[in-house]
Amino acid sequence: MMRWIVTAGLAVLLGACGAESGAPAAEQTGSGAHVSLKPNLKRNIDPARGRDIFVEKGCVLCHSANGVGGKAAPALDAEVGAPPADPLDFAARMWRGAPAMIELQSVELGYTIYLTADEIAHLAAFAADREAQRQLTPDTLPENIRNGLLDQRFWEMEDWDDYLARGREGEMQPEVPEEAPIDRN
């Protein structure tokens, strides 16, 4: 009985939230609830703003574009003839690499980079725009960024597939101290 009251209360609350925001409430059909997604709003994305974010947020420390940047993570060079940028696809690729990125950011920066949806959209546009990438040169990087680029190719040397699959690199076995010899005399 208590479970039903809590469930009903949550349903009313969620319905009220949807009504307040103007979002349609979930539709109930024989196959289950269908939730409407936010309409596909056209974002005003800008590859030049993406280039600025790429540098400002520190992505360039590990990734490169146009041959400029770090080598610790895959290059984000735009491909000739590639389809237009899809921020959702770009975010999905970032999600797959998130465990490794978070680990490297924590080690190298001491914090984790946070991005908004708009920033990810701008980064996706930059990653797909060869002309915007040509504007990224070593001279356009601030000196502290230029001096902090990571040259070690972590993503090639490490077992990132294992890391991505399980959220960590190969199993580390705890060190077991050797037992002291027993003096039987």
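Treating each Cα of the stretch 47-166 as an identical point scatterer and ignoring solvent, apply the Debye formula and state log10 I(q)/I(0) at q = 0.16, 0.17 Å⁻¹.
Taking Cα atoms of the stretch 47-166 as identical point scatterers yields -0.74, -0.84.
How do 106, 64 rank when sorted from fewest to most other Cβ atoms within 10 Å of their own Cβ?
By the 10 Å Cβ count, ascending, the order reads 106, 64.
Go through the stretch 71-133 and name the chymotrypsin sites (Phe, Trp or Tyr not before Pro) that are in a DSSP coil and have 11 or fewer other Cβ atoms within 10 Å of their Cβ.
111, 114
Diagonalise the Cα gyration tensor of the stretch 37-114 and give the resulting equivalent ellipsoid semi-axes, square root of 5 times each eigenvalue, largest first, whole Å.
After scaling each eigenvalue by five and taking roots: 23, 17, 13 Å.
Multiplying the sequence separation of residue 82 and residue 131 by 0.36 nm and subtracting their Cα-Cα distance, what value in nm do you get?
16.3 nm
Over its Cα atoms, what ratio of radius of gyration to 2.2 N^0.38 Å does the stretch 85-149 give?
So the stretch 85-149 has a normalised radius of gyration of 1.25.
Throughout, read-outs are computed from the coordinates displayed, never taken from laboratory work. Small disclaimer: the values here were computed from a predicted structure and weren't measured. No Cβ is skipped: glycine too gets one built from the backbone with ideal geometry, and neighbour counts run over all protein chains shown.
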